[in-house]
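The values are calculated or read from the model by the stated rules, or taken from the named source; none is laboratory data. It should be emphasised that the depicted structure is a prediction, and the values quoted were computed from it without experimental measurement. Note that each Cβ is placed from the backbone with ideal geometry, even for glycine, and that neighbours are counted across all protein chains shown. Heavy atoms of the whole protein, side chains included, go into the accessibility calculation; ligands, DNA and RNA do not. Shrake-Rupley method; radii C 1.70, N 1.55, O 1.52, S 1.80 Å.
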Amino acid sequence: MLVRVARTAASVLITGESGVGKERVAQALHQLRGESSPFIAVNCGALTESLLEAELFGYEKGAFTGAARTKKGVFEQADGGTLFLDEVGDMPLSMQVRLLRALQERRIVRVGGETPIAVDIRLVCATHQLLQERVLSGAFREDLYYRINVVELRIPPLRERTEDILPLA
């Protein structure tokens with residue numbers, strides 16, 4: 001399935017428990033495309049909402065205290081390549097709205113900016129959470145869920161694939 005999906009431009013959602021190697025699968029998806037394009041990863045659960053916004057979309061000089069220069073966000077850095085959003089289920093609702101708009105429009109606006117910037121990325125997301133349950137509870141946007149989950153790759157824990165223990169060891 002990994003090889004078949006790698007040849008497409010479809011958004012991929014990688015699910016599985018913590019530690020099953022979701023980022024390694026994302027890297028393999030990128031490498032199997034055979035391109036020398038960038039692979040940019042960001043952990044959505046490790047950043048506060050304001051830092052996540054600046055990390056994803058970048059910012060203009062003077063946009064906030066400490067913004068001494070213009071900085072490209074990961075959308076711009078990954079242009080022409082793969083953007084991997086790890087722990088996307090931890091993203092606050094307000095950021096989910098901005099992410100959805102960026103995916104629909106294929107354009108972003110830096111924090112403090114006004115000019116839309118076109119981006120061409122292949123999106124790969126990962127989560128250990130059950131996003132369908134988060135959608136039902138209102139903690140994750142349904143429209144975003146369907147946008148990022150064009151193809152789902154579930155990575156089972158090692159206890160369910162004991163044949164992999166020896167090669168991994």
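Under a Gaussian network description of the chain, with springs only between Cα atoms under 10 Å, the residue in 19, 81, 73 that fluctuates furthest is 19. Thinking of the chain as a set of Cα atoms, what percent of all their pairs are more than 18 Å apart? Looking at the chain, the distances longer than 18 Å represent 61 percent of pairs.
The distance linking the range 77-114 with the range 146-169 is 26 Å (Cα centroid to Cα centroid, whole angstrom). Applied to the range 143-151, the Karplus parametrisation 6.51 cos²θ - 1.76 cosθ + 1.60 on θ = phi - 60° returns per-residue 3J(HN,Hα) values of 5, 5, 4, 6, 6, 8, 9, 5, 10 Hz, with x for Gly and Pro.
Excluding ligands, DNA and RNA, the accessible surface per residue across the chain is 54 Å² with a 1.4 Å probe.
Using 0.36 nm per residue, how much length does the chain from residue 72 to residue 100 gain when fully extended, once their Cα-Cα distance is taken away? Spell out each step's value before the answer.
Values: separation 28, 0.36 × 28 = 10.08 nm, distance 1.89 nm.
Working it through step by step, the gained length comes to 8.2 nm.
The sum of -39500 (n - 2.57) across all DSSP H runs of n ≥ 4, divided by the residue count of the chain, sets its helix-only mean residue ellipticity at 222 nm to -9000 deg cm²/dmol. Inter-label distance, residue 164 to residue 7: 2.3 nm, where each label sits 7 Å from its Cα along the C-beta direction.
Ignoring ligands, DNA and RNA, please state the percent of accessible area on the range 113-169 from carbon and sulfur, probe 1.4 Å.
Numbers: 1900 of 3640 Å².
Ligands and nucleic acids excluded, carbon and sulfur reach 52 percent.
The label-point distance for residue 50 and residue 146, in a model that sets each label 7 Å from Cα toward Cβ, rounds to 3.5 nm. If R0 is 35 Å, the Cβ-Cβ spacing of residue 36 and residue 65 corresponds to a FRET efficiency of close to 0.40. For an R0 of 35 angstrom, estimate the FRET efficiency from the Cβ-Cβ distance between residue 137 and residue 23 and round to the nearest 0.05. Computed FRET efficiency for residue 137 and residue 23: 0.85.
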